[in-house]
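The values are calculated or read from the model by the stated rules, or taken from the named source; none is laboratory data. Note that the coordinates shown come from a computational prediction; the quantities given were computed from them, not determined experimentally. Cβ atoms come from the backbone with ideal geometry, glycine included; neighbour counts cover every protein chain shown. Quick note on the areas: whole protein, heavy atoms, side chains included, nothing else; ligands and nucleic acids left out. Shrake-Rupley method; radii C 1.70, N 1.55, O 1.52, S 1.80 Å.
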Amino acid sequence: MANRTVKDAHSIHGTNPQYLVEKIIRTRIYESKYWKEECFGLTAELVVDKAMELKYVGGVYGGNIKPTPFLCLTLKMLQIQPEKDIIVEFIKNEDFKYVRMLGALYMRLTGTAIDCYKYLEPLYNDYRKIKSQNRNGEFELMHVDEFIDELLHEERVCDIILPRLQKRYVLEEAEQLEPRVSALEEDMDDVESSEEEEEEDEKLERAPSPDHRRRGYRDLDKPRRSPAVRYRRSRSRSPRSFLSLSPSPRRERHRSKSPRRHRSRSRERRHRSRSKSPGIFVIYRLTLASLYQQDIHSKKNLCHGIKKVA
């Protein structure tokens, strides 16, 4: 029969390879048009041509549970069970990303934990975009590294229950697997090393040269300046001028500590000057009035004398 597994196939995880796909989905694949027309009589060599024609990844979709071509080819590979070298070439193929995804899913279903980590983890560095079809038949955008991460950490991918995968740290403790070095860690190490080199270059540029240090030292052979010139200037000044020029430290502290008091005193002085100004104006008016009265009195005396003469 066309739906039977080949005779020479080995059991995977203790069961028939086709049984890794659930029975309901498997029967829907057998009844699909793509399986009957495109997957009939395929061999390991012809599967490559069909995988190159894939346009998206996905499981089943729609109310009738229709399988995608990607899922049909996965079941066909489980049926014919190609050699491991062919699957490794699928995964290493960089020209066709959906061929790589098909090989990665098959490796996750049939390979050991060491093989899965060994061949799938390098695909984390593949950031190409791929199309994925969800259960509603709608297409979504994702990346290759996201699909690989789902294969290594999720329980179900493309509506297929994945076999249990042993934890990585257990294999590392058993020395069956080397610790994973991420490409981001390598980039961070390169960035840190470049930053350290730049800091060392800046320190070398800022450090003074030996010639500059020699200039900074005082030449002991040169004669010093006589202090008489300095004392002459100080002698010419009187002690009063010296006291007036150099304010006392108490006043400086008082000024530095209380600028608000200084401002308040200046305001009080202005207020006093303004309050005194009205008294000056009163005195000025009184003097003017007395002068005016004297002038009138003198005019009256003058007029009285003129009348007597007349």
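Between TYR117, TYR124, which is among the hydroxyl-bearing types (Ser, Thr, Tyr), on the phi < 0 side of the Ramachandran plot and in contact with a Lys or Arg (Cβ under 8 Å, 6 or more places away or on another chain)?
Numbers: TYR124 fails: in contact with a Lys or Arg (Cβ under 8 Å, 6 or more places away or on another chain).
Sole residue among the options that is among the hydroxyl-bearing types (Ser, Thr, Tyr), on the phi < 0 side of the Ramachandran plot and in contact with a Lys or Arg (Cβ under 8 Å, 6 or more places away or on another chain): TYR117.
Hey, could you check the stretch 132-165 for residues that are among the aliphatic types (A, V, I, L, M) and closer than 15 Å to THR68 by Cβ and say which is most open to solvent (accessible area, probe 1.4 Å)? Quick ask: steps written out before the conclusion?
Start the filter on the stretch 132-165 by keeping residues that are among the aliphatic types (A, V, I, L, M), which leaves 141-142, 144, 148, 151-152, 157, 160-162, 165.
Remaining after also requiring closer than 15 Å to THR68 by Cβ: 142, 157, 160.
Numbers: MET142: 22, VAL157: 5, ILE160: 2 Å².
If we take residues in the stretch 132-165 being among the aliphatic types (A, V, I, L, M) and closer than 15 Å to THR68 by Cβ, then MET142 is most open to solvent (accessible area, probe 1.4 Å).
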Name the residue that is least open to solvent (accessible area, probe 1.4 Å), counting only residues in the stretch 1-37 that are of a type in the set (Lys, Arg) and under 49 Å from the mean Cα position of the chain (by Cα). ARG26
Residues in the stretch 26-56 that are touching a residue at least 40 places away in the same chain (Cβ under 8 Å) and in contact with a strand residue (DSSP E or B) (Cβ under 6 Å, 6 or more places away or on another chain): how many? 3
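Look through PHE40, PHE70 and report the one residue that is open to solvent by less than 10 Å² (accessible area, probe 1.4 Å) and of a type outside the set (Val, Ile, Thr). Quick ask: steps written out before the conclusion?
Numbers: PHE40 fails: open to solvent by less than 10 Å² (accessible area, probe 1.4 Å).
Criteria check complete, one pass: PHE70.
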